[in-house]
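The values are calculated or read from the model by the stated rules, or taken from the named source; none is laboratory data. Since we're looking at a predicted model, the values are computed, not measured. For neighbour counting, all protein chains shown are included, and Cβ atoms are generated from backbone atoms with ideal geometry for every residue, glycine included.
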Amino acid sequence: DAGVIQSPRHEVTEMGQEVTLRCKPISGHNSLFWYRQTMMRGLELLIYFNNNVPIDDSGMPEDRFSAKMPNASFSTLKIQPSEPRDSAVYFCASRRVGGQAFYGYTFGSGTRLTVV
Amino acid sequence: RKEVEQDPGPFNVPEGATVAFNCTYSNSASQSFFWYRQDCRKEPKLLMSVYSSGNEDGRFTAQLNRASQYISLLIRDSKLSDSATYLCVVNHGGSQGNLIFGKGTKLSVKP
């Protein structure tokens, strides 16, 4: 099991540039989550998908952020234009959804984004 | 009131000590509870689920008090390798929903 795979691991970009973060969930997991972590705010849910359908995007900060999941094995989080306050670690996580049980997440290694 | 609240610490303890972390949650409809562990500059990893009857995994014991909306984690005979941040986690939205994370409690175990 390769786990949840995120790329890139590190990204340094200039303010105003477009940033695209990528995630490949674990095969067979049908729910995918994007989180952002900062010292001040901890882990914040940005958006999540069940069966490739966005369920809750209320955590997306503003229109500069967008996320897609075109198929069960790939998702992107895009920031355009990026700002210094977007600097954070962005985690993708996936889990299996089914029945009444709630299964815990598996996280990717994260993308450390720095906007200068 | 924040959805999941934890004492941020840090807790600095000697090896072999017993340490307890507490957490409160605001949504009485929450049904699933977890403790995650996060090492510095790493991703969070599931430590253990928390069941209503309480559960134990080696040196780790988790307790849930639904009436008080309170969760605890006890670590006995702490090791240097237990040094990490411990995140209290609560589900939101039932089996199809998502997880809400506390900001974590930092533990540092010293020789």
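Every condition in (1) over 15 Å from the mean Cα position of the chain (by Cα); (2) under 26 Å from B:VAL4 (Cα atoms) holds for A:PHE33 except the one numbered (1).
Of the strands (runs of 3 or more DSSP E) contained entirely in the stretch B:23-72, those carrying at least 3 residues that are over 30 Å from A:ARG9 (Cβ atoms) fall at B:55-57, B:60-65. The set of residues from the stretch A:41-59 being over 22 Å from A:SER109 (Cβ atoms) and of a type outside the set (D, E, K, R) comprises A:ASN50, A:ASN51, A:ASN52, A:VAL53, A:PRO54, A:ILE55, A:SER58. Filter the stretch A:20-65 down to the residues that are part of a loop (DSSP other than H, G, I, E, B), more than 21 Å from B:VAL90 (Cα to Cα) and hydrophobic (A, V, I, L, M, F, W, C) and list them by number. Correct list: A:ILE26 only. Restricting the search to strands (runs of 3 or more DSSP E) fully inside the stretch A:73-116 and requiring at least 2 residues that are more than 7 Å from chain B (Cβ to nearest Cβ) and of a type in the set (Gly, Ala, Ser) gives A:88-95. So which residues in the stretch A:69-85 are farther than 15 Å from A:GLU18 by Cα and either surrounded by 13 or more Cβ atoms within 10 Å (Cβ to Cβ) or in contact with a strand residue (DSSP E or B) (Cβ under 8 Å, 6 or more places away or on another chain) (or both)? The answer is A:MET69, A:ALA72, A:SER73, A:PHE74, A:SER75. Restricting to the stretch A:1-16, give me the number of residues that are surrounded by 14 or more Cβ atoms within 10 Å (Cβ to Cβ) and part of a loop (DSSP other than H, G, I, E, B). Number of matching residues: 2.
Per the conditions (1) within 30 Å of B:PHE33 (Cβ to Cβ); (2) under 12 Å from the mean Cα position of the chain (by Cα); (3) in a strand (DSSP E or B), the sole criterion not satisfied by A:LYS68 is (1). Residue pairs whose Cβ atoms lie under 8 Å apart, separated by 6 or more positions or on different chains, with the first residue in the stretch A:25-41 and within 9 Å of chain B (Cβ to nearest Cβ) and the second in a loop (DSSP other than H, G, I, E, B) and at pLDDT 95 or above, are A:GLN37/A:GLY110. B:ALA67 meets the conditions (1) free of Cβ contacts under 8 Å to residues at least 60 places away in the same chain; (2) within 14 Å of chain A (Cβ to nearest Cβ); (3) farther than 29 Å from B:PRO14 by Cβ in every case but one. The failed one is (2).
Scanning the stretch B:72-101 for residues that are modelled with pLDDT under 95 and either touching a Leu at 6+ places or on another chain (Cβ under 9 Å) or more than 14 Å from every other protein chain (Cβ to nearest Cβ) (or both) yields B:VAL89, B:VAL90, B:ASN91, B:HIS92, B:ASN98, B:LEU99, B:ILE100, B:PHE101.
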